[in-house]
Amino acid sequence: MVFFNNATINKLDKVVIKNTKGQLVTKYSKNNCDIVCNIQPITEKSKFQDWGERVDATFNIYLNLDLFKIGDFLVWNNKTYTVKEKIVWNAYTLLAIKESDVAYE
């Protein structure tokens, strides 16, 4: 259970459409459902303590629900991030995220 929530994030929904040339184009749209969570920076020490390895991420997210998969994209403070690693515990879910250059509508 996450007791201290300090941020609100949104999941990016993947939408595949056909353009005028008939090509499949992947776009992302911001989900309107706000997700309240706790976000903390990852230090070199916490990378090893929390993940047991060198994870390529800059923030940890602590969530009460299991809503994300590895490779999913999310929006926090108008920046996009990708989920690099995930651990599901009994009381909460821990995600490691890194800034991404994915554009959304």
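Read-outs: derived from the displayed coordinates by stated rules, not from any lab. Just so it is clear, the structure is predicted and the values come from calculations on it, not from any experiment. Here the Cβ is made from the backbone with ideal geometry for all residues, glycine too, and neighbour counts use every protein chain on show.
Of all GluC sites (Glu not before Pro) in segment 38-95, which ones are in loop regions per DSSP and have a Cβ with at most 10 other Cβ atoms within 10 Å? Sites meeting the loop and neighbour criteria: E53. Computed 3J(HN,Hα) for segment 2-11, one whole-Hz value per residue from the Karplus formula 6.51 cos²θ - 1.76 cosθ + 1.60 where θ = phi - 60°, is 8, 8, 10, 9, 10, 8, 10, 10, 9, 7, glycine and proline marked x. Rounded to the nearest 0.05, what FRET efficiency do W89 and T58 have when you use their Cβ-Cβ distance and R0 = 25 Å? Once rounded, the FRET efficiency stands at 0.70. Toward the positive end of the charge dipole of the chain, about the Cα centre and with charges on Cβ (Lys, Arg +1; Asp, Glu -1), which of L67, L24, S46 goes farthest? The residue sitting most towards the positive pole is L24. The simple spin-label model puts a point 7 Å past each Cα toward its Cβ; for T43 and N78 those points are separated by 3.1 nm. Note on the chain: with a GNM built from Cα contacts shorter than 10 Å, the maximum mean-square fluctuation among N38, N90, N64 falls on N90.
Taking chymotrypsin sites (Phe, Trp or Tyr not before Pro) as exposed when their DSSP state is a loop state and no more than 11 other Cβ atoms lie within 10 Å, the longest site-free interval of the chain runs over 5-88.
Can you tell me how much longer the chain between V16 and I70 gets when fully stretched, taken as 0.36 nm per residue apart minus their C-alpha distance, in nm with one decimal? Between V16 and I70, full extension yields 17.5 nm more. Which of the trypsin sites (Lys or Arg not before Pro) across the chain are loop residues per DSSP, with 10 or fewer other Cβ within 10 Å? When the trypsin sites (Lys or Arg not before Pro) of the chain are filtered for loop state and at most 10 Cβ neighbours within 10 Å, K21, R54, K69 remain.
Simple spin-label estimate for E99 and Q23 gives 2.9 nm between the two label positions (7 Å along the Cα-to-Cβ direction from each Cα). Put simply, the amide H of A7, placed in the peptide plane, has neighbours under 5 Å in C37, I39, leaving out anything fewer than 5 places away on its chain. Listed by chain and number, the lysines whose alpha-carbon sits under 22 Å from that of K45, ignoring those within fewer than 8 places in the same chain, are K84, K86, K98.
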